[in-house]
Amino acid sequence: MRAQSSATASSRIAVDPSPSAPAVPAAVGSHRAGTLQAALGVVAFSLTFPATAWGLEGFGPWALVAVRSVLAAALAGGCLLFLRVRPPERRHWAGLAVVAAGVVLGFPLLTTLALETSTTAHAAVVVGLLPLTTALFSALRTGVRPSRTFWAAALAGAAAVLAFTVAQSGGALTTADGYLFGALVVCAAGYTEGGRLARVMPGWQVIGWALVCCLPLTVPAAVVALSYEPVLWNAHGVAGVLWVAVGSQFLGLVVWYRGMAVVGVPKASQLQLAQPLLTLVWSVLLLGEHLTAAAPLTAAAVLVCIAVTQRSRS
């Protein structure tokens, strides 16, 4: 109950700071901390596609998704047990189910299936659209109406990222694109609901309970998938599955949801405009893919859009 009160107070300070002098520095510091946490989440997520590509070198797509979820749930469940965290109230379980369906199951499965035939550069198109889609889901779910400046900058940033990523892939639409657009929708819903829940409980508990409640599905799925998709043990495969389980599926979502709870879902989601470019950088370093001269120009345009959305008032 004490943690819940603290989280509520923090979000109240960040959204509607008191006019008194002492509250202004606190609000500024809270907003900066929330932005930093959301940014750390974006960095963790930017490694997801390259790590998934590595994981597919040793695991089949279904086995990779199931194993990563089980490993992340084991880590989250261990933390919940060690700290003796009580289960969420009944009214929160519907929201946790949305988080689980979108972030724990839907997005990892659909993007992994897409990466079987798609490059990481092409898959980054889904991340380019994710901030705008998340902001739309947030507006529908919470009733928050961002300013026209916010929407103009968000649309401009999404357009810049889309133009860059589609140009990188030649603009052809494939079956993988269907998986990617489906992943976009379910992930935006999960992010929105998770950001809302992170205002009433710690962010790590949001993703922790979502992972744990999926165990009745992911454990049998892992057993079946591993029996049909034999594992080829290699360094890349192991490193990939460990990162998507620990870094992307748990730790990245912990700081991401905490950041969203402070700065709000629409503004935090716009930080993800930088994620496709970060993913492309990791793809060059880890997978040997090549970038074109358009990358610096797109990066500059995206950073301008992020700055505008962060300064615009909701």
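Looking at (1) in contact with a helix residue (DSSP H, G or I) (Cβ under 9 Å, 6 or more places away or on another chain); (2) among the hydrophobic types (A, V, I, L, M, F, W, C); (3) within 18 Å of Trp62 (Cβ to Cβ), which is the only condition Leu232 fails?
(1)
Condition first: among the small types (Gly, Ala, Ser), in a loop (DSSP other than H, G, I, E, B), modelled with pLDDT under 90 and more than 20 Å from Pro266 (Cβ to Cβ). Can you find one or more residues in the stretch 174-190 that meet it?
no
Could you tell me which numbered condition His290 fails, if it satisfies all but one of (1) touching a residue at least 60 places away in the same chain (Cβ under 8 Å); (2) open to solvent by 60 Å² or more (accessible area, probe 1.4 Å); (3) not basic (Lys, Arg); (4) not in a helix (DSSP H, G or I)?
Exception for His290: condition (1).
Please go through the stretch 122-152 and give me each residue that is among the small types (Gly, Ala, Ser), farther than 14 Å from Lys267 by Cβ and open to solvent by less than 10 Å² (accessible area, probe 1.4 Å), ordered by number.
Scanning the stretch 122-152 gives Ala123, Ala124, Gly128.
Between residues in the stretch 130-155 that are more than 20 Å from Leu184 (Cβ to Cβ) and residues that are in a loop (DSSP other than H, G, I, E, B) and among the basic types (Lys, Arg), which pairs lie under 6 Å by C-beta distance while being six or more apart or on different chains?
Partner pairs satisfying both residue conditions: Ser147/Arg313.
Look through Thr52, Thr112 and report the one residue that is in a helix (DSSP H, G or I), touching a Pro at 6+ places or on another chain (Cβ under 6 Å), open to solvent by less than 10 Å² (accessible area, probe 1.4 Å) and polar (S, T, N, Q).
Checking each option against the conditions leaves just Thr112.
Check the stretch 74-95 and report whether any residue there is touching a helix residue (DSSP H, G or I) at 6+ places or on another chain (Cβ under 7 Å), at pLDDT 90 or above and under 30 Å from His122 (Cβ atoms).
No, there is no match, as no residue in the stretch 74-95 is touching a helix residue (DSSP H, G or I) at 6+ places or on another chain (Cβ under 7 Å), at pLDDT 90 or above and under 30 Å from His122 (Cβ atoms).
Ala39 - would you say it is within 27 Å of Ala222 (Cα to Cα) and either hydrophobic (A, V, I, L, M, F, W, C) or without any contact (Cβ under 8 Å) to a residue 24 or more places away in the chain (or both)?
Answer is no for this residue.
The values are calculated or read from the model by the stated rules, or taken from the named source; none is laboratory data. Computed from a prediction, not measured in an experiment: that's the story for all the values here. Cβ coordinates were reconstructed from backbone atoms using ideal geometry, including for glycine residues, and neighbour counts include every protein chain displayed. Just the protein is used for accessible areas: all its heavy atoms, side chains included, with ligands, DNA and RNA removed. Shrake-Rupley method; radii C 1.70, N 1.55, O 1.52, S 1.80 Å.
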